[in-house]
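Worksheet for the structure shown next.
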Amino acid sequence: MVTDCHIHISPVEMFRPEALAAMKRKRQNFDQIVEFCHSPKLFLAHLDACGIDRAALINYVAPEVIGFTSEVNEWIARYVQTDPKRLLSCGSIHPKHSANVLADMEQILRLGIRLIKIHPPHQLLYPNDYLRGVKELEIIYRAAEANGVPVMIHTGTSIFPGARNKYGDPIHVDDVAVDFPKLKILLAHGGRPLWMDTAFFLVRRHPNVFLDLSGIPPKTLLEYFPRLEEIASKSLFGTDWPGPGVPDIKQNLDDFRRLPLSEAAKTQMLERTAELVWG
Ligand SMILES: [Zn+2]
């Protein structure tokens, strides 16, 4: 079962105009993306055509930069009902936009959300801000850890208007990995393009930290991570489609399959690590 651990299927109507413009730039087929966001059946057919069996559908609350509110959680929970084996829901709670984070976390669990996303450059916080008074973050991590729900943390830069990139340094995830040792943490984009060394270190250092390879063009992947083969057992294939700079899922998959890595390592990253994370 080939898994793409990072695809953005979200309520497009909620985008802020500036964010929507960034999504549409250099993309002729935006209407098709809108159709996929409205129809899980059409999107599943597209995944079939791309050779993807299963996908995690990333959603997160980021009203300031992207426009998404906590409504994304119910939206994606409803969307994946068409085929919950192939479509994994990813939702989120924004520590600073939640009136009752415990209640919101219970709601996330009740909805059956399979992954929680923290996006520091878009949510305008450090992932370890619970050490500086943002107790809501600690509650989110604790509940996710206790319930076996993995957390994906965006690392690396973002070009969306209003994104603040200081929050994208993966070193701040080190605290989270130490303080929540049973929490499965996915480092999205491996700190690309500024902090790959930090990401590589964290994946090797912490048994609970995994590498989400999305957003890195497969053709340059080995330039970013020359020792990828060594951490294949903790790395997951993903595309970040239809994010800026990711034109096509199938092209990424084909390019990934052509990398000069062992077949075992490729199968591990395409299938097995995701099975470890989600079963
Ligand atoms: Zn993404």
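Considering only segment 1-116, give the helices (runs of 4 or more DSSP H) lying wholly within it that have at least 2 residues that are surrounded by fewer than 16 Cβ atoms within 10 Å (Cβ to Cβ) and without any contact (Cβ under 8 Å) to a residue 24 or more places away in the chain. Write out each step before concluding.
On the way: elements: 17-24, 30-38, 40-50, 71-79, 101-110.
Output list reads 17-24, 30-38, 40-50, 101-110.
Look through LYS96, LYS117, LYS85 and report the one residue that is modelled with pLDDT under 95 and under 24 Å from HIS8 (Cβ atoms).
Going through LYS96, LYS117, LYS85 in turn, just one is modelled with pLDDT under 95 and under 24 Å from HIS8 (Cβ atoms): LYS96.
Scan segment 147-165 and tell me whether some residue there is surrounded by 20 or more Cβ atoms within 10 Å (Cβ to Cβ), at pLDDT 95 or above and in a helix (DSSP H, G or I).
Scanning segment 147-165 turns up no residue that is surrounded by 20 or more Cβ atoms within 10 Å (Cβ to Cβ), at pLDDT 95 or above and in a helix (DSSP H, G or I).
Residues of segment 198-246 being within 16 Å of the ligand (Cβ to nearest atom), open to solvent by 40 Å² or more (accessible area, probe 1.4 Å) and touching a residue at least 40 places away in the same chain (Cβ under 8 Å), which ones?
PRO244
Filter segment 178-197 down to residues that are surrounded by fewer than 20 Cβ atoms within 10 Å (Cβ to Cβ) and closer than 20 Å to ILE231 by Cα and give me whichever is nearest to the ligand (Cβ to nearest atom).
PRO193
Could you run through segment 199-230 and say how many residues are in contact with an Asp or Glu (Cβ under 7 Å, 6 or more places away or on another chain) and among the polar types (S, T, N, Q)? Don't jump to the end; show me each part of the working.
From segment 199-230, those in contact with an Asp or Glu (Cβ under 7 Å, 6 or more places away or on another chain) are 202, 214-215, 218-219; that's our starting set.
This time we only want the ones that are among the polar types (S, T, N, Q), so: 214.
Counting residues in segment 199-230 that are in contact with an Asp or Glu (Cβ under 7 Å, 6 or more places away or on another chain) and among the polar types (S, T, N, Q) gives 1.
The values are calculated or read from the model by the stated rules, or taken from the named source; none is laboratory data. For clarity, every value in this text was computed on a predicted model and none was experimentally measured. Cβ atoms come from the backbone with ideal geometry, glycine included; neighbour counts cover every protein chain shown. SASA here: full protein model, heavy atoms, side chains in, ligands and nucleic acids out. Shrake-Rupley method; radii C 1.70, N 1.55, O 1.52, S 1.80 Å.
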